[in-house]
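Notes for the one structure printed next.
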Amino acid sequence: FPKLLTLQFKRRHHLGNCHSKIEIVPVLDLTPYCASSSNEVSGATKPPVYDLFGIVNHTDYVYKSKATSGPKNDNQGHYTSFVKLGQAGDEWHFLNDSSVMKLPPNKVKRMVSHSPLVVGLMYQLREN
């Protein structure tokens with residue numbers, strides 16, 4: 001199993017943006033979705049259990065263009081992220097361009113719970 005697992009969600013399409021909410025789970029256990037022999041084939045002795053360590057968000061902005069030619073509306077966006085850092089890997093930080101802010105875990109849970117802004121999740125294989 002890969003040590004790092006990145007899940008990317010397509011939130012935009014030709015008909016517009018998708019604002020459906022994604023439930024974020026801090027522990028992703030893939031054991032029920034693996035064939036019983038997959039561990040034997042890959043030589044893995046541990047179950048594929050992943051811990052969340054990163055969340056990527058994207059905010060869309062639409063503004064009226066003053067251009068005389070071309071599209072009258074332009075879409076722009078801004079990326080931010082939540083990353084788990086620290087000596088013990090238990091401190092969440094909010095990254096926004098050049099600013100980094102440490103957050104209490106309950107605030108992260110509230111900010112991203114079922115968020116329509118999430119475009120990516122990053123998980124690390126548990127070492128147990």
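Using only protein heavy atoms and a 1.4 Å probe, report how much of residue 6 is accessible, in Å² to the nearest 10.
100
List the pairs from 3/102; 3/46; 21/107; 46/107; 3/84 whose alpha-carbon separation is above 24 Å, in the order I gave them.
Table pairs above 24 Å Cα-Cα are 3/102; 46/107.
Just to make sure I understand: if all protein chains stay in place, what is the order of 94, 9 by accessible area at 1.4 Å, largest first?
9, 94
What full-extension length gain, to one decimal in nm, is calculated for residue 99 and residue 60 as 0.36 nm per residue of separation minus the Cα-Cα distance?
Extra length available between residue 99 and residue 60 comes to 12.1 nm.
The values are calculated or read from the model by the stated rules, or taken from the named source; none is laboratory data. If you're wondering where the values come from, they're calculated on a predicted model, not measured in any experiment. Surface accessibility is based on the protein's heavy atoms, side chains included, excluding ligands, DNA and RNA. Shrake-Rupley method; radii C 1.70, N 1.55, O 1.52, S 1.80 Å.
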